[in-house]
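Report on the following structure.
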Amino acid sequence: MAVFGADHIYRMDLRQMLRFHLDRQADVSVAALPMPLTSAQGFGIIEVDRNDRIIGFEEKPPEPKAMPTRPDRALSSMGNYLFNTDVLLRALSDDAERSGTHDFGRDILPRLLHEERVMAYNFRDNEIPGLNYYEEPAYWRDVGTIPAYWQANMDLLGETPLNDLRNTAWPICGEAARGLPASLVNCYVDHALIGEGSRVIEADIRRSVIGRHVRIEPGAQIEDSVILDHTSIGAKARVRRVVIDRGNAVPAGSVLGHDETAVVPVCGVTASGLTVVPKGILPQDVSKQRLSST
């Protein structure tokens, strides 16, 4: 039985992990990836023996333990598990009877280390056809935070993206097309993805991902941003380093994500300086105003 995280971006041939699980006679297999020590604090850290059996697990430690063979790396859990069905059902039943957070990483997995054969599957061994030389090997991102989500979108852009959606040998398939092609009129567009049904008129778009059925009016400037579906950007609006959720309408002349002082407190700003506009915050009838962040 497979238990996989839903907020991750990666390509994986699950058959290869299943073959590892069966060959090693594992009760539980955990997909793992070496991560730089400097960025491993947000992950479950795995300790293995020479046969890839997991002998230690610590969830999001402040000081991750380095791999014996890679002092600059920690072996991190990807949050993807294969279980023998009876083992998973028994583990869930036992956990339900205990107090605690009922979390896989904090509660269930550490107990199983002492009771079952728990193995670490190195995601770098997973071979995917059609990858280009410029793509990051074993690309995987946990997009559970706004900055990580934004960066994963930026990783799709350019001539040599770290994660190239144009891989026809192993495509990442989205929802089937249900609209007209995107329409661009007298625009400057560089390093961008634009979804179906969107209409862009005399706008300047750089290093951005534009969703489906988005309307961008003349004179708008958008850079380093992610604009989700069914959003409209008014004429001469300026948007930089912004994530706008679906169904918003940015008024004409607005400024989001630049250095001006914010006067409308509806837009959150992350520690990385990204401006976040939640779903439906900017309705169509909002009057012209400056929306910005520092």
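The values are calculated or read from the model by the stated rules, or taken from the named source; none is laboratory data. Only a predicted model underlies this, so the values are computations on that prediction, with no experimental measurement involved. When we count neighbours, we look across all protein chains shown, and the Cβ atoms used for this are built from the backbone with ideal geometry, even at glycine.
List the strands (runs of 3 or more DSSP E) inside region 1-97, counting only whole elements, that have at least 3 residues being more than 20 Å from the chain's Cα centre (by Cα) and at pLDDT 90 or above.
44-48, 54-59, 73-83
Identify, please: which residue in region 275-294 is polar (S, T, N, Q) and touching a strand residue (DSSP E or B) at 6+ places or on another chain (Cβ under 6 Å) and is, among those, modelled with the highest pLDDT?
This residue is THR275.
Taking region 98-130 only, how many residues are at pLDDT 90 or above, of a type in the set (A, V, I, L, M, F, W, C) and in contact with a Phe, Trp or Tyr (Cβ under 8 Å, 6 or more places away or on another chain)?
The number of residues fulfilling the criteria is 4.
May I ask you to say which residue of LEU156, LEU165, LEU193, LEU184 is touching a strand residue (DSSP E or B) at 6+ places or on another chain (Cβ under 9 Å) and modelled with pLDDT under 95?
Matching residue, one of LEU156, LEU165, LEU193, LEU184: LEU165.
Anything in region 218-274 that is small (Gly, Ala, Ser), in contact with a Pro (Cβ under 8 Å, 6 or more places away or on another chain) and at pLDDT 90 or above? List them, or say none.
Result: GLY234, ALA235, ALA237, ALA249.
Results for (1) without any contact (Cβ under 8 Å) to a residue 60 or more places away in the chain; (2) surrounded by fewer than 19 Cβ atoms within 10 Å (Cβ to Cβ), shown as yes or no for each residue.
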site: ARG141; (1), (2): no, yes
site: PRO147; (1), (2): no, yes
site: GLY158; (1), (2): yes, yes
site: LEU162; (1), (2): yes, yes
site: ASN186; (1), (2): yes, yes
site: HIS191; (1), (2): yes, yes
site: ILE194; (1), (2): yes, no
site: GLY211; (1), (2): yes, no
site: VAL214; (1), (2): yes, no
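Look at region 216-238 and say how many of its residues are in a strand (DSSP E or B) and out of contact with any His (no Cβ under 9 Å at 6 or more places or on another chain).
Total satisfying the criteria: 8.
Out of everything in region 217-245 that is surrounded by fewer than 21 Cβ atoms within 10 Å (Cβ to Cβ) and of a type in the set (A, V, I, L, M), what residue ends up being farthest from VAL200 (Cα to Cα)?
If we take residues in region 217-245 being surrounded by fewer than 21 Cβ atoms within 10 Å (Cβ to Cβ) and of a type in the set (A, V, I, L, M), then LEU228 is farthest from VAL200 (Cα to Cα).
Is it true that GLU59 is under 30 Å from ASP245 (Cβ atoms) and surrounded by 13 or more Cβ atoms within 10 Å (Cβ to Cβ)?
yes
When you scan region 69-83, do you find a residue that is farther than 23 Å from PHE20 by Cβ, surrounded by fewer than 18 Cβ atoms within 10 Å (Cβ to Cβ) and not acidic (Asp, Glu), even just one?
yes
Restricting to region 198-215, and then to whatever is in a strand (DSSP E or B) and β-branched (Val, Ile, Thr), can you tell me which residue is farthest from VAL242 (Cα to Cα)?
Filtering first and then ranking leaves ILE201.
Give ASN167, ASN153 a once-over and let me know the one that is of a type in the set (S, T, N, Q), outside any loop (DSSP other than H, G, I, E, B), in contact (Cβ under 8 Å) with a residue 24 or more places away in the chain and under 25 Å from ASN80 (Cα atoms).
Being of a type in the set (S, T, N, Q), outside any loop (DSSP other than H, G, I, E, B), in contact (Cβ under 8 Å) with a residue 24 or more places away in the chain and under 25 Å from ASN80 (Cα atoms) holds for just one of ASN167, ASN153, which is ASN153.
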